[in-house]
Every structure is written in structure tokens, then in C-alpha cells.
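For reference, the structure discussed in these notes is given below.
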Amino acid sequence: MEKYIPQEIEKKWQQKWEEEKIYQTDEGGDKKYYVLEMFPYPSGNLHVGHARNYSIGDVVARFKRMQGYSVLHPMGFDAFGMPAENAAIKNGVKPSDWTYSNMDNMVRQQKQMGLSYDWDRIVKTCSPEYYRWTQYIFGLLYKRGLVYRKKAAVNWCDKCGTVLANEQVIDGCCWRCDSPVVKKDLSQWFFKITDYADVLLQDLEKLTGWPERVKTMQNNWIGRSEGAEIEFNVADEPDAKIMVYTTRIDTIFGVTYLALAPEHPLAKKLALKQENAAQIESFIERIHNQSEIERTSDKAEKEGIFTGAFAINPYNGKKVPIWITNYVLGDYGTGAVMGVPAHDARDWAFAKKYNLPHIVVIEPDAATTRETLDDVYLEDGILHNSASFDGLKNRAAMTKLIDFAQENGFGKRRINYRLRDWLISRQRYWGAPIPIVYCDKCGTVLVPQEQLPVRLPEDISFEPGMISPLAHSESFKHCTCPKCGGPARRETDTMDTFICSSWYYLRYSDPHNDKEPFAKDKANYWLPVDQYIGGIEHAILHLLYSRFITKVLKDEGLIDFDEPFKRLLTQGMVIKDGAKMSKSLGNVVSPEEIIEKYGADTARLFVLFAAPVERDLEWSDQGVEGAWRFLSRVWRIVLQHEDILKKNPALEIKDLNDDEKKLRLVLHSTIKKVTEDIGERFSFNTAISSIMELVNAFYASEGKDISPAIINETATSIILLLAPFAPHICEELWAKANRSGSVHKAAWPSYDEKAATADEIELVVQINGKVRDKMTIARTTAPESIKQQAQELPRIKELLEGKSVVKVICVPGKLVNIVVKG
């Protein structure tokens, strides 16, 4: 028998698939399916985490093709970003050369994996042909009033030399390099994602195919809250007012101080009038430079400084001190909050630290009246010390309190969001240039579509710590105004790379279009993406931004759908030696190592079998070896019957003996389970386990009276069922069986419901819940007969002697439980 040598087989079929373009997208079918794995950054080499992600999508794509769907399964690269500039500085190479070289290498590795991508549709976000349309989308948002520029305190990473969006700051550090993030005042470009906050929140309900965890993360990030804005006058300052946003207007009579953000416009103004003005200004500067995470974390110490000024509570006319604190943010709400120590844990801790009083305004019931508390009271209850609102339930009182403020002209209802506008400016070179020019005569001018793309220049030198490399390029910086033709200067910031990835899934529908980003009819045919696959780490950044851009494009009339991804699968990480695979930890396993030793099919099979796709996978060399041994067993059992397979005898379902029935029972129940596991549950590990059991049953049938037709049916089905998981070995076995065409173009096997159902079943027999025996009965046996037969079993009769049967419980298809006493 010919030996299984995967390296030879796989190279042969990869070359043939590429030559024949068997994975080229077939457009226009009655049934379409778009499966997409999140495209990678071209870091240079794939690791097995990539391999797992891509293998999941590849199984789905191959399965759907075999089911008769027109399948779109593309790949590309999220190719702009800091590492390319770092490589330019370190190695003296152009970012473009580094990036394109890495992309070529990763494509080679992806082809080695046997992934069924349509390579004619590859998208590279760093190519002018692509970022031309990224700039077009910027212009589209600009014209719709969704883009603006302002000076703002922004998150700054010194190591990367660039601004970060709020979503890119993780625990006070840069998401990419893990360096501490500080605040810096810069003029920056923003997308008004907050205009879409409500619809982004509401439409989470449409995403029935998304994990609840991801939807919850987006819900919390958008952070919608309903409350009130209340205006406090500053004592002895006739023109000074402080607008406070609160979701707990029911505690307004319990306010004992106001807290301002250091960024609040009144903070420095109030400080200037105090003897300790320098001390206050120093505090403001120190807190202003801290990250949002540092200031708002539950673990962060709450700090403050008294301004020396007082505000007047409009509800009762009482003066309360105005403090500047680290826990209030300038860009959330109004940048000012009211301090209610008796009914807010954070305020309680702050008040205790600075000896501020507390006023009890909510009691558990009308009979309780306390002037002081030993600890903060957070529960609902009845209003107390609240003037004419006393005795009301606190939640019911909220409406009346806001009405009172509106009637008296010092407050109003307001909905607030945690979500901030998307800061898109980056002070880097390797990104899509922002298509804006500045003209002394015309002001800020959008570059018209016919002049796109605004190309990145080549005359760039990179030095460590250089900010805004484009600002150092004379050829780029100086230009002509598109409006008046006079001298102008270009915007030298580039766009956040998340803009490039916020629409790439649309470009795959029409990747060679040079007239528009995509044709509407093609986008509407393929999208929304039927199945999107990627890591949970993208729950907020990429996925939220993509939803936003999709909704804007829908409003512009470019597409007819408003959500980009129907179903989302977030695969688990690959763990080795107890930690996530990482170059810094030195525990990365390259797919090439596995392919060289065992072949790509073994690598694919292991990462799909070792754990459910949504859970973390623990790397195991023994598991890889086991996957290879299984494929070797498949190879041997199929080639053992090669002559029968070549004859392809027709199947006649009549006069089957018991051994044939048993084998067909395993076969057709396996076809049913694998079909459901792939198509409905994404339970690839259990699907592979079922195929393994089928192969075991096939081996066990050796030497038994099995007809050639059933041997042919079984071997053929094994090849077909395994094909999405291990495409090369199955293609080779298909060819050796003299079957026409590619196995990946063959029809997915159907199961015979009758053959998949056993005539007889085995039941467990229990006495008082403990297993005492088993029995085999006809599947159609009535429950009463089952109960009687169970009690007649010799072992059971012996155990029932001297005992009284209270009742007999029959769970059809599973067990009989005899309840006894005595």
C-alpha cells in the first residue's frame, strides 16, 4: 500500500488548486454565503493562533460550497500601522517594502495551510487603489457633517509618537506597545460617532447571531444614561454658572459639594482668585496629564482640592463648596458632578477623606429618620430632608424633581453617553493621508474625489521619536488649493488604521472597481457577511467602528443594509505553557514547523479538534501526533478498499444483514451529526470526534459480511465528511477513487433518517437512582411494556426481593428507574 506522505500530496494539490482557480468566487447563485475571518496585520509570520482562526472559516467555506452555495471567502491585510515605521527606523527599509515583503510571506504561509481563499479578491489597505476609497469615505462623512477638527486633550503615547482613541487606551497604557499614556492638547480630527449612539445601541437587538458577551461590551461602552442637567450659580460670581449632569436627581437635596474636572473652563478661573492659586494650578496640571483609566478606575485613589468658591443648590438655596477632583472627566457629561456622600460610594469615600458632611435624603421607609449614617446608603426608599418632596418614593420622585427644575428654568432632562467621538488623527507616516488642505484664502478644503488618492510621499526619513513625519516632507506638505488654485498646505496627520478596517469587508464584494468603492448591487448581493470570525479583543474597536460606518453608508444610499455582520464567532486563544502565545514569552509555535513534520491537514485537524472553537486551546505536541495518526488510519482504510472505490458499485438498500445495518447506522448518524455540528453549532471538535468513531466502526467491520456497495458508501462518505477539515488528503483519496472533479466541488452527503435510527436501543435500569443493569429493547416498545420488562430482568428481580415497588419511572430512549422501599 502506498505510504501517506502529506508534504508531497499537499504541494501537488495546492499547485493544482491555484492553477485551476477552483476557489474563485461564483457570483449570482440562488444561494449565497459570505464567510470572512478578520484580516491580519502583516507582521511577517503566521502563528497557530492565526491558523486556528483561518481554519475555522475555511471549514465553513468548504462545507457551504459542498452544500451548493455560491461562497465568498476572501483574504487581505490590514496593512497600515506603527510596526512598519519602527522597522524602517530599526532596519533602514521603507515601510512599504517591509509591509509588502511580509504580505508576500504570509500569503505563502496561508497557501501552505490549504486555505480556500479567492486570491483574485485580495485587499491590501496600504495600496493607493484601496486607500483612495478610504479617503473617499472620509469625504463622504465630511460632507454629511460627521467630521470636525478641534483642539482637545488627547491620549498621547510617547513611544509611538502619536495620539490614541479612548478605545485604544487599555488600563492606562497604549494598546499596541503597552507604554503609559499621557494627556496632550492638540488640534485633531474626529468622526461624530456619537450622532449614531442611539441607533448603535438599539440595533444590538438585531444581532441575534452575536455572542451576548460582545453585545454587552458594546452596550456598556456606548453607556446610555437618562438623567438631568441642573444649573448651579457660583456664589459672588453673577455670570458664573456650573451645569451638572446627574442620573440621581432624587438625591439633589443631599448635595454637600460640587466636583469639577481639571479641564472644566471654570477650574483655573476660580483658582486664580485664591491665595493658593499656584497649588491648585499644579494639581490641575498633574491630573490633566493622567489617563482616563488612571482617573476613573475603582482602584484609583480619589483626589481633590478645594477652589475656595461655593455654588448655590437651586433646589434649596444652600451653598456647597466647589472642588476640583481627579475622578470627574472634562468630556463626559458637563465636566461637573454633584457630590452626595450619603448615597454614593465614591462620594462617601471622598467626603470621609476630606471631612465633608453628608445629608441623608433617602430612608428605607417613612418611619426611619436618621441625621447621620455609619455607612453609605445605596438602596431605594422614601425621600427625607427633601422639602416638599418628602415622603415620595425616590424613583417616582425623579420625574417630579426634573419637572420642577424645568418649570423654574434651572434644569432639563438629558440623555448622556459614555461613548466619545472617534478621534481619527494620527501623527504617523504609514497610514492613509487625511484628504484636507489648508488655504489662506479658502480655509479648510476637502480634496475632491477626482484628485484622490492623496498619495504618501517617498521622500521621508525616519528618526526615533519623530512626530508627524509627513510634516517634514516638502513635496507632500506644499500643494495647490483645489478651490482657488492658490498655494496651500496639506494636512500632515494620517487616519487611524481602524478606518481602513471599518469598511474592508465591503470592498471584497467588488475589489477591482476603480470608479467607486464598490457597486451597490454587488454589495447588496453578498452582504451582510453571513459569518464573521475573529478575536474577542475586537469587540469594541473594530466591530463598533464597522457598525458605525455601515450605518453611515446606508444613510448615504450606497447600501441597503445597516449591520455588517449577521453572525459573529469569537474564537478562543491558543495557550502554550499556561500563557497566550507571544513572541515576548518565546512560546510561539509556527504552523510551518507542524506542516514540515506532519503536514497542513494535521495542523488544521488538531486546532479544530483540541477544543470547542469559542474556548481557549491548550497546545499539545501529543495532540498533534494524535491528529497525524488518525489521518494515517483514514489513508490506510480507504486505500485498503481502493479497488472497490474505483468500481463505485451502486447501492441497493434491501436484505441487509445485521453487520451492514450496524455500519450504516453509524455512517448515517455520523453524516447527520457532522452536518448539524458544522452548519448549526460550529461544534467542529465533536464533528471530528464523530468521524473518528465512524472510522473506528469501519475498521471494526473488517472481516465481516459487508457488501462492496456499503464499503463504497462508507469510504466515500468518510472522504466527503473529512474534506472541509483535511482538504489535501481527501482530495488525494478522491482522485485515487477515480471520482470526477474536485472533492471540494462534490455534493455534501445526505443521510437516510431511517438508516440513522437504530431498530433497537439500550436502556439503563436503575433502582432508587443507582444503575443496576441494562436492557436492549425494540425502539417502538411502549413505556408500560418497558417498565414490565425491566422488572423481569434476572438481576433486577433478585435485587427487588423483599422490597416494595413504589413506582416505576420510564424516560424513553434513556432509562428506567424503579423506586422501592423496604
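The values are calculated or read from the model by the stated rules, or taken from the named source; none is laboratory data. Since we're looking at a predicted model, the values are computed, not measured. Positions of Cβ are backbone-derived with ideal geometry, glycine not excepted, and every protein chain shown enters the neighbour counts. Areas reflect the complete protein model, heavy atoms only, side chains present, ligands, DNA and RNA absent. Shrake-Rupley method; radii C 1.70, N 1.55, O 1.52, S 1.80 Å.
Which one of these does Pro649 not meet: (1) part of a helix (DSSP H, G or I); (2) in contact (Cβ under 8 Å) with a residue 60 or more places away in the chain; (3) open to solvent by 10 Å² or more (accessible area, probe 1.4 Å); (4) of a type outside the set (Lys, Arg)?
(1)
Only residues that are free of Cβ contacts under 8 Å to residues at least 12 places away in the same chain and among the basic types (Lys, Arg): list them for region 202-234, please. First the steps, then the outcome.
Kept after step one, since they are free of Cβ contacts under 8 Å to residues at least 12 places away in the same chain, are these residues of region 202-234: 202, 205, 208, 212, 215-216.
Correct list: Lys215 only.
Consider Ile287 against the criteria (1) over 23 Å from Ser225 (Cβ atoms); (2) in contact (Cβ under 8 Å) with a residue 60 or more places away in the chain: it satisfies all of them except one. Which criterion is unmet?
(2)
List pairs: first in region 1-15 and free of Cβ contacts under 8 Å to residues at least 12 places away in the same chain, second surrounded by 13 or more Cβ atoms within 10 Å (Cβ to Cβ) and aromatic (Phe, Trp, Tyr), Cβ under 9 Å, 6+ apart or cross-chain?
That search, which allows pairs on different chains as well, returns Lys3/Trp635.
Being open to solvent by 40 Å² or more (accessible area, probe 1.4 Å), in a loop (DSSP other than H, G, I, E, B) and over 14 Å from Ser750 (Cα atoms): is that true of Asp655 here? Outline the logic, then answer.
Numbers: open to solvent by 40 Å² or more (accessible area, probe 1.4 Å): yes; in a loop (DSSP other than H, G, I, E, B): yes; over 14 Å from Ser750 (Cα atoms): yes.
For Asp655, the condition - open to solvent by 40 Å² or more (accessible area, probe 1.4 Å), in a loop (DSSP other than H, G, I, E, B) and over 14 Å from Ser750 (Cα atoms) - is met.
In region 307-366, which residues are within 24 Å of Phe410 (Cβ to Cβ), assigned to a loop (DSSP other than H, G, I, E, B), among the charged types (D, E, K, R) and touching a strand residue (DSSP E or B) at 6+ places or on another chain (Cβ under 8 Å)?
Across region 307-366, the qualifying residues are Lys318, Asp331.
Which residue is surrounded by the fewest Cβ atoms within 10 Å (Cβ to Cβ), if the candidates are limited to region 542-568 and must be in contact with a Phe, Trp or Tyr (Cβ under 6 Å, 6 or more places away or on another chain) and of a type in the set (A, V, I, L, M)?
Leu568
Restricting attention to region 265-293, and to residues there that are more than 22 Å from Lys151 (Cα to Cα) and not in a loop (DSSP other than H, G, I, E, B), which single residue is most open to solvent (accessible area, probe 1.4 Å)? Outline the logic, then answer.
Of the residues in region 265-293, the ones more than 22 Å from Lys151 (Cα to Cα) are 270-280.
Cutting the leftovers down to not in a loop (DSSP other than H, G, I, E, B) gives us 270-271, 277-280.
On the way: Leu270: 9, Ala271: 0, Ala277: 18, Ala278: 79, Gln279: 114, Ile280: 0 Å².
Looking at the filtered set, the residue picked out is Gln279.
Among the residues of region 661-702, count how many are modelled with pLDDT under 95, buried (at least 18 other Cβ atoms within 10 Å of the Cβ) and among the acidic types (Asp, Glu).
Qualifying residue count, region 661-702: 0.
Quick check, is Lys90 open to solvent by 40 Å² or more (accessible area, probe 1.4 Å) and either modelled with pLDDT of 95 or more or in a helix (DSSP H, G or I) (or both)? Before the answer, list the steps.
Details: open to solvent by 40 Å² or more (accessible area, probe 1.4 Å): yes; either modelled with pLDDT of 95 or more or in a helix (DSSP H, G or I) (or both): yes.
Against the criterion (open to solvent by 40 Å² or more (accessible area, probe 1.4 Å) and either modelled with pLDDT of 95 or more or in a helix (DSSP H, G or I) (or both)), Lys90 qualifies.
Residue-by-condition table, conditions (1) within 33 Å of the chain's Cα centre (by Cα); (2) over 30 Å from Lys551 (Cβ atoms); (3) at pLDDT 90 or above; (4) of a type outside the set (Gly, Ala, Ser):
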residue	(1), (2), (3), (4)
Leu204	yes, no, yes, yes
Ile230	no, yes, yes, yes
Val244	no, yes, yes, yes
Ala271	no, yes, no, no
Glu281	no, yes, yes, yes
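Against the conditions (1) under 22 Å from Thr497 (Cβ atoms); (2) buried (at least 23 other Cβ atoms within 10 Å of the Cβ); (3) within 26 Å of the chain's Cα centre (by Cα), where does His47 fall short? Just the number, please.
In the conditions (1) under 22 Å from Thr497 (Cβ atoms); (2) buried (at least 23 other Cβ atoms within 10 Å of the Cβ); (3) within 26 Å of the chain's Cα centre (by Cα), His47 misses (2) alone.
Answer yes or no as to whether Tyr100 is crowded, with 23+ Cβ neighbours inside 10 Å and either within 24 Å of the chain's Cα centre (by Cα) or more than 30 Å from Glu8 (Cβ to Cβ) (or both).
On the way: crowded, with 23+ Cβ neighbours inside 10 Å: no; either within 24 Å of the chain's Cα centre (by Cα) or more than 30 Å from Glu8 (Cβ to Cβ) (or both): yes.
In short, no.
What's the number of the only condition in (1) open to solvent by less than 70 Å² (accessible area, probe 1.4 Å); (2) at negative phi that Thr480 fails to meet?
Exception for Thr480: condition (1).
Which one of the conditions (1) open to solvent by 60 Å² or more (accessible area, probe 1.4 Å); (2) touching a residue at least 40 places away in the same chain (Cβ under 8 Å); (3) in a strand (DSSP E or B) does Asn738 fail to meet, given that it meets all the rest?
(3)
Restricting attention to region 467-490, and to residues there that are under 33 Å from the mean Cα position of the chain (by Cα) and in a loop (DSSP other than H, G, I, E, B), which single residue is farthest from Tyr130 (Cα to Cα)? Lay out the reasoning, then the answer.
Filtering region 467-490 for residues under 33 Å from the mean Cα position of the chain (by Cα) gives 467-470.
Those left that are additionally in a loop (DSSP other than H, G, I, E, B): 467-468.
Values: Ile467: 25, Ser468: 22 Å.
The qualifying residue farthest from Tyr130 (Cα to Cα) is Ile467.
Please report, ordered by residue number, the helices (runs of 4 or more DSSP H) entirely within region 533-646 with at least 2 residues that are over 23 Å from Cys730 (Cβ atoms) and of a type in the set (A, V, I, L, M).
Values: elements: 541-556, 591-597, 600-609, 621-640.
Output list reads 541-556.
Can you find a residue in region 458-471 that is modelled with pLDDT of 95 or more, out of contact with any Asp or Glu (no Cβ under 6 Å at 6 or more places or on another chain) and among the hydrophobic types (A, V, I, L, M, F, W, C)?
Of the residues in region 458-471, the ones modelled with pLDDT of 95 or more are none.
Among the residues of region 458-471, not one is modelled with pLDDT of 95 or more, out of contact with any Asp or Glu (no Cβ under 6 Å at 6 or more places or on another chain) and among the hydrophobic types (A, V, I, L, M, F, W, C), which makes the answer no.
Which of the residues spanning region 200-221 are open to solvent by 20 Å² or more (accessible area, probe 1.4 Å), closer than 12 Å to Glu563 by Cβ and outside any helix (DSSP H, G or I)?
Of everything in region 200-221, those that are open to solvent by 20 Å² or more (accessible area, probe 1.4 Å), closer than 12 Å to Glu563 by Cβ and outside any helix (DSSP H, G or I) turn out to be Thr208, Gly209.
Among all residue pairs at least 6 apart or on different chains, which show Cβ distances below 7 Å where the first residue, located in region 442-465, is more than 18 Å from Lys143 (Cβ to Cβ) and the second is open to solvent by less than 30 Å² (accessible area, probe 1.4 Å) and of a type in the set (A, V, I, L, M, F, W, C)?
Pro457/Phe476; Phe462/Ala88
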